[in-house]
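No value in this document is a laboratory result; all are computed from the given coordinates. Every value quoted in this text rests on a predicted model; they were computed, and no experiment measured them. Backbone-built Cβ (ideal geometry, glycine too); neighbour counts: all protein chains shown.
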Amino acid sequence: MSSKNKIKDLPAKYDEASRPIGVFDSGVGGLTVVKELNRLLPDEKIIYFGDTGRVPYGNKSKETIVHYSLQVAYFLMKKKIKMLVVACNTASSVSLPTLKRHFHIPVIGVIDPGAKAAIENTKLNKVGVIGTLGTVRSNAYKKALKKIKPGVNVFQDPCPLFVHLAEDGWNRNRIAQMVSDEYLRSLKSKNIDTLILGCTHYPLLKDVIQKSVGKKVELIDSGRETAREVKRILEKKNLINKHKMTEKNHSVFYVSDFPHKFKEVSQRFLSKELKHVHKVIL
């Protein structure tokens, strides 16, 4: 390639790096991923879509989940995103292969980064997984863990009430601790040394979960691990935004229903008020 062509290519790459990161979830849980992205990559603009009008995805057929995921992904692609993060465990387990085939940009989910971190951490080869009933039944984390390390022992339990406790702000009180203790009693008896928080809501209950399983158990936050993977990929592809984030190029949030409810709940996830939440019909 001539030096002339190299110079011509620079603006295109420069513009590509300044594009936003697209993140989507079936609801508000993916905001825990956004929070970690903001912490690790403060100058990256985020375009978030919460499919609040069709939540939850967990009780839908595989075909429907793929259809919804493609609809959301095409909407985000119109915003000229440089990377797509599927911040939904159900969509990650079902739609990721299809999304990767359809789009030329990097696409990642939340399951593989969490599984990788768990395998790197466990010394006893005993990993616990908690999530929604749909995520546990799908065995998505178990498959991902055993793909990395076939001999690992995986123990799973659903904790469906955690979602409601997180969204309602009941994540640090006595009731939350009682629920957590009851849910995690079985996993604690398995002598696990690593526990994957297999739902993007669960980091809000990290304190009560840690108390239930004990300090010796390492909690793996899939959202945090996903954000680390996003940073690694962007650095590898030279797509880190070099411009300082300003109010003018703020992150934007879209939902398919109930923007006021989304704004209310989002404060618990992001510890700040969202100013830009828009309702769209796909």
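Summary table
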| quantity | calculated |
| --- | --- |
| Angle between the chain longest axis and helix 111-121 axis [Cα atoms, degrees, rounded to 10] | 60 |
| Sequence of 217, 94 once ranked by neighbouring C-beta atoms within 10 Å, starting from the fewest | 217, 94 |
| Cα-Cα separations in the stretch 112-222 greater than 17 Å, expressed as whole percent | 47 |
| Rotationally averaged projected area of the stretch 61-150 (alpha carbon convex hull; nm²) | 6.3 |
| Residue (of 128, 161, 173) at the positive-pole extreme of the stretch 110-173, dipole from beta-carbon charges | 128 |
| Proximal aspartates and glutamates relative to residue 142, as straight alpha-carbon distance under 19 Å, when same-chain residues fewer than 8 apart are discounted | 112, 120, 157, 193, 218, 221, 225 |
| Degrees separating the helix 89-102 axis from the principal Cα axis of the chain, which is the longest one | 30 |
| Whole-number percent relative contact order across the stretch 112-222, with pairs defined as alpha carbons under 8 Å at least 6 apart | 35 |
| Tensor-based shape of the stretch 179-230 (alpha-carbon gyration tensor, a/c under 1.5 rounded, otherwise prolate or oblate) | prolate |
| Centroid-to-centroid separation of the stretch 128-147 and the stretch 42-98 [C-alpha atoms, Å] | 19 |
| Longest exposed-site-free window of the chain, the sites being trypsin sites (Lys or Arg not before Pro) in a DSSP loop that have at most 15 other C-beta atoms within 10 Å | 1-77 |
| Leading residue at positive end of dipole, the chain (Cβ point charges), from 222, 239, 34 | 239 |
| Cross-link table 82/279; 147/188; 147/190; 62/126, entries beyond 26 Å C-alpha to C-alpha | 62/126 |
| Cβ-based charge dipole, the stretch 112-222, positive-most Cα from 117, 150, 209 | 150 |
| Inter-site label distance for residue 168 and residue 231 at 7 Å from Cα along Cβ, in nm | 3.5 |
| Inter-label distance, nm, simple model (7 Å from Cα along the C-beta direction), residue 80/residue 123 | 5.1 |
| About the Cα centre, charge dipole magnitude for the stretch 112-222 (Lys/Arg +1, Asp/Glu -1 at Cβ), debye | 480 |
| Angle between the chain longest axis and helix 174-189 axis [Cα atoms, degrees, rounded to 10] | 80 |
| Prolate/oblate/rounded label for the stretch 172-273 (Cα gyration tensor, a/c 1.5) | oblate |
| Relative contact order for the chain, counting Cα pairs under 8 Å that sit 6 or more residues apart, in percent | 26 |
| Net charge dipole size for the chain [Lys, Arg +1 and Asp, Glu -1 on Cβ; Debye, nearest 20] | 800 |
| Burial ordering of 16, 235, fewest other beta-carbon atoms within 10 Å first | 235, 16 |
| Anisotropy class of the chain from Cα gyration tensor, a/c 1.5 cut | prolate |
